[in-house]
Amino acid sequence: YISVDNAWSMSRWVNHVKDEKELFSTADYITLHLPLMDSTKNTINKDTLALMKDGVKILNFARGGLVNDEDMLEALNSGKVAVYVTDFPSPLLASHPNVVPIPHLGASTDESEENCAIKAADEVMEYLMNGNIINSVNMPNASAPFSGSYRICVMHDNKPKMISQITDCLAQEDANIENLLNKSKKEIAYTILDLDHKASKESIEKMKKISGVHRVEVYEK
């Protein structure tokens, strides 16, 4: 494994500064990547801001308490800090013209909300149209191209001999299983069978009566 010191030297464009005061006094941009603890609270304060270049840009996506808001407001008003970008905008700073406030939860933006709604609708439609399960909370991910002309999807207990019982229901159909996918998540499992022709209603009803089978859905192209 590479050592930390060797990692720092991998790029000649990276200057590793070990002294905090040197970093504050030389950097044009300062980004914070710290946990919030007693030892790091108010890391950016009146004293550390005084060490920085005039017009410094500060980005804080770590924790709000790392920056003293009152001292930051004073530095913004004086021009010491040109821009403060954060996803922890306090009421004191949020409306300041030189503060770029960003929602802490990226999924709460208008674009993310719209994209999530579209994705959820697409995934529901994928199940309704093809029987594929994608990103379910309590079901396994089970997705396969619809390779046959007829598909059977079985939701069942995750226990031995379930697949053999399911396929036995098709034994007298002379149906060729072109593709079979089985996925499980804890106590539940999901099996997808693509067939070359339609199975009879009797076979489907027989499948539904297997102990441990919860649901059987059929799909046709």
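Where a number appears in this text, it was derived from the coordinates with a stated rule and is not lab data. Worth saying up front: this structure is predicted, and the values here are computed from it rather than measured. Glycine gets a Cβ as well: all are built from the backbone with ideal geometry, and neighbour counts include every protein chain shown.
Observations on the structure shown:
- Selection of segment 65-82 for residues being out of contact with any Gly (no Cβ under 9 Å at 6 or more places or on another chain), touching a residue at least 24 places away in the same chain (Cβ under 8 Å) and aliphatic (A, V, I, L, M) yields LEU66, VAL67, MET72, ALA75.
- Any hit, segment 176-188, residues being surrounded by 18 or more Cβ atoms within 10 Å (Cβ to Cβ) and either of a type outside the set (Asp, Glu) or farther than 25 Å from ASP122 by Cβ (or both): no
- The residue that is surrounded by the fewest Cβ atoms within 10 Å (Cβ to Cβ), among those in segment 130-170 that are polar (S, T, N, Q) and not in a loop (DSSP other than H, G, I, E, B), is SER164.
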